[in-house]
Structures are given as structure tokens and as C-alpha cells.
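Worksheet: one structure, shown below.
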Amino acid sequence: MNMIGYKRQVVAQHERVLVLRNGVLDQVLGPGVYRWLDIVGSLEFETFDLTDPELAHPHAEVFRKESSTLWNLWVETVETGEHEAGLIYLDGQLTRLIPPMSRRFYWKGPVEVRVERIDLTEGAAVGAEVMERIRRMRHRDGWTRAAAEYRAKARSAGSKLPGAEFLDNIIEEEIADHETGLLLLDGRLVGTLEPGVHAFWNFDRNVQVELTDLRLQELEVQGQEILTRDKVSLRINLSAQYRVMDPVQVRAGLPKHKDFLYRELQFGLRRAISDRTLDELLERKGTTEQEVLVAIRERAEPHGIAIESLGIKDVILPGDMKQILNQVVEAEKAAQANLIRRREETAATRSLLNTAKLMDQNPVLLRLKELEALERVTERVGNLTVFGGMESLLQGLVRIEAPKGG
């Protein structure tokens, strides 16, 4: 209870108090009970909880300069240079990240404050051990896993986000085993990244990682309207498979390598088709594909791209040309069928002639043929009446004469 003209201040074990006399830092109080005679009301007391040992005060810089002896007795000042960052450990646990050219104040007392300085001139990469400690801290502090939009909303609402600076000032990129990464600092390519998880400091710099897929990829060129040498309009679909062999070379020479490949495939296909007639294209489709493949390889390989294969998927004719071509094919097939039929008829006639010659020279063979003919006839007759005997019947049907001059 304060008596008139007296002020009483109780400072708990986990607290520190700044005493301001007429707005000037006069004392810093540790745990205990204090009394002052303050008739004119010139004293002000500001209490701080050491649970959070960071001293955030709007006039901290003035106190540090004007009351340096008192200030340094109670407060530890942590500063970072132009090219260094600081990792703050409280009782051995990583808690804060201080950007370059910054100053923070921490109460001396029950919480041990340690700073680990990071030399940013040695490179943008975050060391593996440091990143492992940061990841462990993220599991402990929920804000360090919050998305950027939620952090922005919380800050705009006045919320304090301990540890969120680790997300604001570190870029992490995961590179799959079929990819390679290109590291760019302020728009300048500085190196390539192998598969894995990589982290980089982005204090006052623009850090980007461009990913390139090293797997076999497919590119379709569809609906190309092209005139052949004999003025036939065709619509052709082409498919090519390629692989990026040198991502650095691709980036240096081509702004968009897929657009480049698409245009080169278009031009190569048009050159090959326009130099051929429709018949030549249909008869030697493989030769056309090989010509386009050779041409596109000559253009792509200097830029670090390997063309694995290429093929013409579809050759689509206009409706009237399709009908004419079908009629031509139908006529060709009909002519082939007539030719085969005539060949078969000639072969059958030649076989009959040979048989007749054999029977003319061999009466027994003729007799056997007669018996075979009778057998086939009798199979279709229900009743057969023979007069004069079988010998008379046979002699009446066919007369066998001995060869002349025999």
C-alpha cells in the first residue's frame, strides 16, 4: 500500500524493473521490495518478465547510450555486422535468428544467453548442423511451421511470432532424385545442386532455385497442315522424346527449351514433307522420320539436349484425297485379284493337258479314270439297271484302243 508521497515497488524473482525519473533511466531493480519518497510524482516503473529474456523497449537505444554503465550492468547487447547473422540460444536452446546490421537486448540473469555468429561471406548455404538444429526448433515452435499468409495476418493483428524469422530468412528447396537444381543469387547462376534438401540464407538477397527434370520427356507436335511437293494438303502429328543433358548449357542458351524444340520440330517436319510427294512419303515414312531426327539433333545437341527418338504418329488426308486414294487401292487390289485368278486358270488348264497326255499314252490309267467317273455317277443314282453286263456297259461308254504302231 502506498502512503502519501511514498511509492512501494515489489520485484519478484522472475522480474526486472526499470525506474525512470522524469523520463530518465535512474535505476534497474532486481528481486526485492523497494520504497521511495516521491512527492511530485517524478518516478515511473516498468516491469519486465524474465520468462522472455529479450528486452524490447522503444527507448532501449537511448538508454544504452546515455546510461551505458547502468545498462551494461543489467543488460547484454547482441549486435551483428553487415555480413553476419546471429543465432540466439537461451539456456542452450536455439530460439531466435538475428539478421545482419541488427541489435538485440537481453536481460542478464537466470536465463543464459549465447550467440552463434554466421559469416554470410562464406556463402549462402545454411550449414547442415545448423539446419538440423533449426528443424528441431521448428518441431518445438508451431509458428515456425506456419504458412507465410498466416504469419502476415498474425503480425498485422499485433501478435508476436517467436521463431518465425527462421522462415522469413531461410529458403529451403527439395530436389528429387530425377532432378538437378540451379542456384541463382540476385539473378546470377552460382552453381548446381544435387538431389536432396538444401537451405539458404536470403538476407538482403534474392535466392532462387530452378529445377530441371532429367528424365526422358515427350513432346507432341500436333495438327500440322503441310503441302507435299505434288500439292496435297496433309495434317501430320509428330512425337519426339528428349532428355536434358546439361541444365547449365540449356539455361545459358535457351530461355524456354520446350518452345525451342517445338519450333525446330515444326520446321524440320515441314522441310521434309514439302520435299516429297504423297507417294514418296507413304512409301518411305521411316526415311522421312530419320531425316527430321538428324536435323533436330543437330540443332538441339549444342544446347545440351539429347533427342532420343522421333516418330510420325498420324498422316491425315483430306476427305476427297482419302476417297481417291481408296479407289486407287481398290483398283490395284482388283487387278491383283484378276491376275491371280488368271494364273490359277492357266495352271488348271496346264494340269488338264498333262493328264490328257498321260491317259492317251496309258490305257490302264484311262480305265481307272473311267471307273472313278462311274463311281461318282452311281453315288447319285438310286437304282441302276444294266443290260448286257458290266463289260458291255464299259465298252459302250469308252472304247480303249491300243496305241497305233504298237
Checklist entry - What ranking do 264-271, 201-208 get when scored by the average of other Cβ atoms within 10 Å per residue, highest first? => result 264-271, 201-208
Item to check | Extension gain, D360 back to D26 (0.36 nm per residue minus Cα-Cα distance, nm) | outcome: 105.3 nm
Item to check | Debye intensity ratio in log₁₀ form over the Cα atoms of the stretch 37-78, taken at each q of 0.22 Å⁻¹ | outcome: -0.88
Item to check | Net length gained if the chain between T121 and E194 were fully extended (0.36 nm per residue, minus Cα distance) | outcome: 24.1 nm
Checklist entry - Exposure proxy check: S102, S68 ranked by fewest other beta carbons within 10 Å? => result S68, S102
Checklist entry - Once the other residues with Cβ under 11 Å from the Cβ of M101 are scored (Lys, Arg +1; Asp, Glu -1), what is the net sum? => result -3
Checklist outcome for this item: The answer for GluC sites (Glu not before Pro) in the stretch 38-100 that fall in a DSSP coil and have at most 12 neighbouring Cβ atoms within 10 Å is E82
Checklist entry - What is the distance, in nm, between label points placed 7 Å from the Cα along the Cα-to-Cβ direction at E280 and at V209? => result 5.3
Item to check | Sequence of V126, V377 once ranked by neighbouring C-beta atoms within 10 Å, starting from the fewest | outcome: V377, V126
Item to check | Within the stretch 221-263, backbone nitrogen closer than 19 Å to the virtual label 7 Å beyond the Cα of V315 toward Cβ | outcome: 221-240
Checklist entry - Hey, any idea what the orientation-averaged projected area of the convex hull of the stretch 217-316's Cα atoms comes to, in nm²? => result 5.7
Checklist entry - Roughly how many nanometres apart are two label points built 7 Å out from the Cα toward the Cβ at E79 and L352? => result 12.3
Checklist entry - So, in nm, how far is label N202 from label H178 when the simple model puts each one 7 Å beyond its Cα toward the Cβ? => result 2.7
Item to check | Inter-part distance where the stretch 8-52 and the stretch 349-363 are each reduced to a Cα centre, Å | outcome: 140
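Coordinate-derived values only; no laboratory data. Fair warning: this is a prediction, and the values are worked out from it, not measured in the lab. Every residue, glycine among them, receives a Cβ derived from its backbone with ideal geometry; neighbour counts consider all protein chains shown.
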